1. Within segment 1-106, what percent of beta bridges assigned by DSSP are antiparallel, to the nearest 5?
2. Can you give me the C-alpha center-to-center distance between segment 204-231 and segment 118-135, rounded to a whole angstrom?
3. Taking every DSSP beta bridge that has both residues in segment 96-172, what percent is antiparallel when rounded to the nearest 5?
4. Plugging the Kirkwood radius over Cα pairs into Stokes-Einstein for segment 74-143, at a temperature of 37 °C and a viscosity of 0.692 mPa s, what D comes out in µm²/s?
5. For segment 145-189 and segment 1-25, what is the separation of their C-alpha centers, rounded to whole Å?
6. Where in the chain lies the longest segment free of trypsin sites (Lys or Arg not before Pro) that are both loop residues by DSSP (not H, G, I, E, B) and have at most 16 other Cβ atoms within 10 Å?
7. Project the alpha carbons of the chain onto their principal axes and report the range along each, largest first, in whole Å.
8. For segment 41-55, take each phi angle, set θ = phi - 60°, evaluate the Karplus expression 6.51 cos²θ - 1.76 cosθ + 1.60, and give the result in whole Hz per residue in order, putting x for glycine and proline.
Amino acid sequence: MVLQACLNGDRESGVPRSAEELGAEAVACVAAGAASIHAHPRDPDGHETLEPDHILEAVRALRPCGVEISLSTGLWITAGDVEARLRAVSSWTEVPDLVSLNLSEEGWRELADVLAGHGIGIEAGVWTAADAEHLLSTGVGVRRILVEPRSENAHEAIAVADEIDAVLDAAGNEVPRLHHGVGAATWAVMDAAVPRGHDIRIGLEDVTTLPDGRRAPDNAALVVEAVLRYG
């Protein structure tokens, strides 16, 4: 099982923002048991960015943690501008191992081609069974499939994850899957995924509380809890 730590996402406060902060949190999370790091680099004003200079700074700060590095390519980072996202990623000079790429977003297929040209692996963000069917129909090669139900209702989130798995299973798809939830559904989604042998992720991007409701002081505390809970 791969345990990925997701350090910050698009949260406005209480998360690492600068490259130095991301690097320090990544090292702490790996020491706690994470085998992969996912982050959203920020510019000096704290805004999410795909600009090459900031990506370079973030990747170099994260590398000392010693595990695979994944960054976001969420279309919202360029305010929905598909061409701006393509230009930014095409200009990266220091690249992560992987990026997450949401199949629900316009322009994902074109960006997948750019990523392949850079030798960057893709974590395909699949939010629904329809996304899974679309991924299978394209034949695009991906390193990992992120099963990402968006509901914060645990029952609904697990049901959506089950629907996605059913589509992939029916197609005989053997690409590794990483299941994760958001907010109140986070721990329940992982509880359902681990017995099935799926990878998982945890961190302040997804949830700010431990299973008992206490606020997590940092990302490493969430990783520690996941290691204890899932072995």
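1. Counting only bridges with both partners in segment 1-106, antiparallel ones make up about 10 percent.
2. After rounding, the separation between the Cα centres reads 26 Å.
3. Details: 0 of 9 bridges.
Percent antiparallel among DSSP bridges in segment 96-172 is about 0.
4. Details: Rh = 12.3 Å.
It diffuses with D of about 266 µm²/s by this estimate.
5. Taking the Cα centre of each part, segment 145-189 and segment 1-25 sit 22 Å apart.
6. That would be 12-142.
7. Cα spread of the chain along its principal axes, largest to smallest: 42, 40, 28 Å.
8. Working through the residues one at a time gives x, 10, 8, x, 8, x, 8, 4, 8, 10, 5, x, 4, 6, 5 Hz.
The values are calculated or read from the model by the stated rules, or taken from the named source; none is laboratory data. Please read these numbers as outputs of a predicted model, since none were measured by experiment. Cβ sites come from the backbone with ideal geometry, for glycine too, and all protein chains shown count toward neighbours. Protein only, heavy atoms only, side chains kept; ligands, DNA and RNA dropped before computing areas. Shrake-Rupley method; radii C 1.70, N 1.55, O 1.52, S 1.80 Å.
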